[in-house]
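Attaching a single structure in structure tokens format; questions to follow.
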Amino acid sequence: MKVIFMGTPDFAVQTLKRLISSGHEVTGVVTQPDKPKGRGKALSPTPVKEVALEAGIPVFQPRRVRDSEALETLRGIEADVIVVVAFGQLIPKEILEMKKYGCINVHGSLLPKYRGAAPVQWAVIDGEKESGVTTMQMDEGLDTGDMLLKAVIPLEEKETGGSLFEKLSDAGAELLLETLDALEAGTAVPKKQGESPTAYAQMLKKDMGLIDWKKSAAEIERLVRGLNPWPSAYTHLNGRTLKIWQADVLTEDTREAPGTVTAAGKDGLYIQTGRGVLAVRELQLEGKKRMDAGAFLRGYQIEEGTRLCS
């Protein structure tokens, strides 16, 4: 098939690479405009744009894909199908119906679960036992189109948002190729989604990582894993941000108030929560490097009874 690829972040990169190396022909790539980055605010290309340019594929970066100029540009690119992976803009009806096979989306969840911007991380935060990717025939709704194929990925006990992101990115790339082959062969069977059993997977923001110590140790530990590597879970110690990167859950409670350090030693920093104790194994104090709790506590003393701020 001739394919127009629409995508922007790292999650879309593996799918684009597999398309390029497959028997399909990527005739154009559409991605978000370059954005200023770093202290110098120099314009930085999207991860998808970098891959496309390396492969010599024409790149189009409209500010609004629904504008008439953008629509005309897309009409002028020869293609049988448009593949959309985390593009970052709503796709209008004109584009959905523009090519023979319409728009096919690769979504990082087992739809209809976790429609929205951050399905990968929310699956970890919510304690799901499995996640996966779904290809769907896009419609005008937000992640509501008919499902085509699915790939199920079990979550490991210590799965993080980052590790699941990589697994689903790889799985999505392979599933997309299977989906295109099925469409071309006429064997694809669209299936209606129905209502979603989970809340909308809202976009991640930095302040979501602030730990509420009144929550249970299990909930906080899942937050730590789900927000690793970004935006990370954190608390405050003596007015400084303390990021928590790895922790274990202890079910025994103490009589201390939530957020109180109950022990600090070579094997961890122990903090009472609303239910259970969180044993912090790896952390990072503002201005310092990431390190295991034992190494950190050899250079920074934290007394039992210290209260961490939510």
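Take the residues of the stretch 54-80 that are touching a Lys or Arg at 6+ places or on another chain (Cβ under 8 Å) and either surrounded by 21 or more Cβ atoms within 10 Å (Cβ to Cβ) or aliphatic (A, V, I, L, M) (or both): which is nearest to Ile4 (Cα to Cα)? Full working, then the answer.
So the first thing to find is which residues in the stretch 54-80 are touching a Lys or Arg at 6+ places or on another chain (Cβ under 8 Å), and the list is 59, 61, 70, 78-80.
Next, from what is left, pick out any that are either surrounded by 21 or more Cβ atoms within 10 Å (Cβ to Cβ) or aliphatic (A, V, I, L, M) (or both): 59, 70, 79.
On the way: Val59: 10, Ala70: 13, Ala79: 6 Å.
Looking at the filtered set, the residue picked out is Ala79.
Residue-by-condition table, conditions (1) surrounded by fewer than 16 Cβ atoms within 10 Å (Cβ to Cβ); (2) under 18 Å from Leu223 (Cβ atoms); (3) not aromatic (Phe, Trp, Tyr):
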{"residue": "Gly259", "(1), (2), (3)": "no, yes, yes"}
{"residue": "Thr262", "(1), (2), (3)": "no, no, yes"}
{"residue": "Ile271", "(1), (2), (3)": "no, yes, yes"}
{"residue": "Val280", "(1), (2), (3)": "no, yes, yes"}
{"residue": "Glu286", "(1), (2), (3)": "yes, no, yes"}
{"residue": "Met291", "(1), (2), (3)": "no, no, yes"}
{"residue": "Phe296", "(1), (2), (3)": "no, no, no"}
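If you don't mind, there's one more thing I want to ask. Quick check on the stretch 199-247: of everything there that is among the basic types (Lys, Arg) and more than 22 Å from the chain's Cα centre (by Cα), which residue is nearest to Tyr300 (Cα to Cα)?
First pass over the stretch 199-247, keeping only residues among the basic types (Lys, Arg): 205-206, 214-215, 222, 225, 240, 243.
Filter once more, so that each one left must be more than 22 Å from the chain's Cα centre (by Cα): 214-215, 240.
On the way: Lys214: 25, Lys215: 26, Arg240: 13 Å.
Per the stated criteria, the residue is Arg240.
Here's the yes/no breakdown for (1) closer than 19 Å to Pro112 by Cβ; (2) out of contact with any strand residue (DSSP E or B) (no Cβ under 6 Å at 6 or more places or on another chain); (3) not in a strand (DSSP E or B):
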| site | (1), (2), (3) |
| --- | --- |
| Ala171 | yes, no, yes |
| Leu175 | yes, no, yes |
| Leu183 | no, yes, yes |
| Val189 | yes, yes, yes |
| Pro197 | yes, yes, yes |
| Asp207 | no, yes, yes |
| Asp212 | no, yes, yes |
| Ala218 | no, no, yes |
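Next up: Test of understanding: among Thr135, Thr179, Thr144, which residue is touching a residue at least 12 places away in the same chain (Cβ under 8 Å), in the same structural domain as Gly23 (by TED's automatic domain parsing) and part of a helix (DSSP H, G or I)? So that I can check it myself, show each step before the final result.
Details: Thr135 fails: part of a helix (DSSP H, G or I); Thr144 fails: part of a helix (DSSP H, G or I).
Just one listed residue meets the conditions, Thr179.
Oh, and also: Here are some residues: Tyr114, Tyr101. Which one is surrounded by fewer than 23 Cβ atoms within 10 Å (Cβ to Cβ) and either assigned by TED's automatic domain parsing to the domain that holds Leu142 or part of a helix (DSSP H, G or I) (or both)? I'd like the intermediate steps shown before the answer.
Working: Tyr114 fails: surrounded by fewer than 23 Cβ atoms within 10 Å (Cβ to Cβ).
Exactly one of Tyr114, Tyr101 is surrounded by fewer than 23 Cβ atoms within 10 Å (Cβ to Cβ) and either assigned by TED's automatic domain parsing to the domain that holds Leu142 or part of a helix (DSSP H, G or I) (or both), namely Tyr101.
Also, I was wondering about something else. Out of all the residues in the stretch 143-194, which are among the acidic types (Asp, Glu) and closer than 30 Å to Glu221 by Cβ?
Initial filter on the stretch 143-194 (among the acidic types (Asp, Glu)): 143, 146, 156-157, 159, 166, 170, 174, 178, 181, 184.
Selection gives Asp143, Glu156, Glu157, Glu159, Glu166, Asp170.
Which one of Val51, Val83 is modelled with pLDDT of 95 or more, closer than 24 Å to Ser163 by Cβ and surrounded by 18 or more Cβ atoms within 10 Å (Cβ to Cβ)? Full working, then the answer.
On the way: Val83 fails: closer than 24 Å to Ser163 by Cβ.
On inspection, the qualifying residue turns out to be Val51.
The values are calculated or read from the model by the stated rules, or taken from the named source; none is laboratory data. As the structure is a prediction and not an experimental result, all values here were calculated from the model. Here the Cβ is made from the backbone with ideal geometry for all residues, glycine too, and neighbour counts use every protein chain on show.
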